[in-house]
Amino acid sequence: MAAKKVVMIGDSITDAHRLNDPEGIGEGYVRTLRDYYITDHPEAEVQFVNKGVSGDRITDLEERWDRDIIKEKPDWVSISIGINDVWRQLDHPGMEQVDPDQFSSIYRRLLERTVEETGSNLILMQPTIIEEDLVSRGNQMLTHYVKIVNQLAEKYQAILVPAHEAFIEHLERNQQPSLTTDGVHMTSTGNMLMAKAWIQAVRDTIV
């Protein structure tokens with residue numbers, strides 16, 4: 001039986017220094033997922049391919065979609081994007097921004113292409129958090145992008161990974177240990193929380 005290829009695409013949270021890793025998996029939640037399926041479902045032969053790129057917004061994903069998704073012909077595509085689309089509005093307000101309408105239209109185009117050209121199954125991850133403060137401006141802005149991901153998951157019958165909801169619920173109960181190193185990039189605890197949300201949403205669908 002051929003291994004099922006799962007391409008994980010996104011920003012630095014997905015990237016997690018994959019280019020410095022001989023296995024190309026990185027040290028983030030993608031590695032946690034890979035290790036989980038190796039140890040819990042060794043018979044499944046699930047191949048995780050990390051296509052995260054640090055700093056990416058939805059506009060960057062579109063520029064490399066042919067190379068990193070269409071040509072890969074994955075069985076599953078897992079998308080985690082949206083943090084930088086909001087964060088750049090906060091830390092680089094002078095640059096050209098991606099507002100919710102543009103985010104939605106580009107994301108929709110990518111999903112349409114993927115379904116039509118590869119037939120891949122879709123997994124959409126909510127963007128996580130911007131600061132471990134439930135009422136931070138970043139998290140308030142992020143809710144619009146989370147809502148878009150939810151709507152697109154429903155429209156395209158994709159599996160929705162409620163990563164944002166998982167982080168918010170966790171922060172409502174526990175403030176320590178930290179989930180991020182800087183409000184965005186994950187600690188090992190944050191990576192575990194992302195992986196747990198992914199596994200609970202996907203369950204045994206890919207095995």
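The values are calculated or read from the model by the stated rules, or taken from the named source; none is laboratory data. Predicted model, so just to flag it, every value in this text is computed and none were measured. When we count neighbours, we look across all protein chains shown, and the Cβ atoms used for this are built from the backbone with ideal geometry, even at glycine.
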Quick check, is Glu132 assigned to a loop (DSSP other than H, G, I, E, B), out of contact with any Asp or Glu (no Cβ under 8 Å at 6 or more places or on another chain) and among the acidic types (Asp, Glu)?
-> yes
Could you please let me know if Asp68 is part of a helix (DSSP H, G or I) and either buried (at least 23 other Cβ atoms within 10 Å of the Cβ) or in contact (Cβ under 8 Å) with a residue 24 or more places away in the chain (or both)?
-> yes
Select from segment 1-38 the residues that are among the acidic types (Asp, Glu) and either in contact with a Phe, Trp or Tyr (Cβ under 6 Å, 6 or more places away or on another chain) or farther than 21 Å from Trp65 by Cβ (or both) and write down the one among them that is surrounded by the most Cβ atoms within 10 Å (Cβ to Cβ).
-> Glu27
Search result, residues across segment 95-116 that are more than 17 Å from Gly10 (Cα to Cα) and of a type in the set (A, V, I, L, M) | Met95, Val115
Condition test on Asp40, is it modelled with pLDDT under 95 and more than 18 Å from the chain's Cα centre (by Cα)?
-> yes
Please go through segment 158-187 and pick out each residue that is under 17 Å from the mean Cα position of the chain (by Cα), outside any strand (DSSP E or B) and within 21 Å of Gln200 (Cβ to Cβ).
-> Ala158, Pro162, Ala163, His164, Glu165, Ala166, Phe167, Ile168, Leu179, Thr187
Residue that is farthest from Gly82 (Cα to Cα) [pool: residues in segment 13-36 that are out of contact with any Asp or Glu (no Cβ under 9 Å at 6 or more places or on another chain) and in contact (Cβ under 8 Å) with a residue 60 or more places away in the chain] = Tyr36
When the residues of segment 118-143 are filtered to those that are surrounded by fewer than 16 Cβ atoms within 10 Å (Cβ to Cβ) and over 21 Å from Ser178 (Cβ atoms), which remaining residue is farthest from the chain's Cα centre (by Cα)?
-> Gly119
Pick from segment 158-178 the residues that are over 19 Å from Ile81 (Cβ atoms) and touching a residue at least 24 places away in the same chain (Cβ under 8 Å): which of them is surrounded by the most Cβ atoms within 10 Å (Cβ to Cβ)?
-> Leu171
From Asp75, Asp99, residue being surrounded by fewer than 21 Cβ atoms within 10 Å (Cβ to Cβ), on the phi < 0 side of the Ramachandran plot and touching a strand residue (DSSP E or B) at 6+ places or on another chain (Cβ under 7 Å) = Asp75
Close pairs from segment 95-115: first over 14 Å from Gly82 (Cβ atoms) and in contact (Cβ under 8 Å) with a residue 40 or more places away in the chain, partner part of a helix (DSSP H, G or I) and aromatic (Phe, Trp, Tyr), Cβ under 9 Å, at least 6 apart = Arg109/Trp65; Arg113/Trp65; Thr114/Trp65
Which residue pairs have Cβ atoms closer than 9 Å, lie 6 or more positions apart in sequence or on different chains, and pair a first residue in segment 186-207 that is closer than 15 Å to Val46 by Cα and touching a residue at least 24 places away in the same chain (Cβ under 8 Å) with a second residue that is outside any helix (DSSP H, G or I) and basic (Lys, Arg)?
-> Ile206/Lys4; Val207/Lys4
Filter result for Thr114 (modelled with pLDDT of 95 or more, in a helix (DSSP H, G or I) and over 28 Å from Asp66 (Cβ atoms)) = no
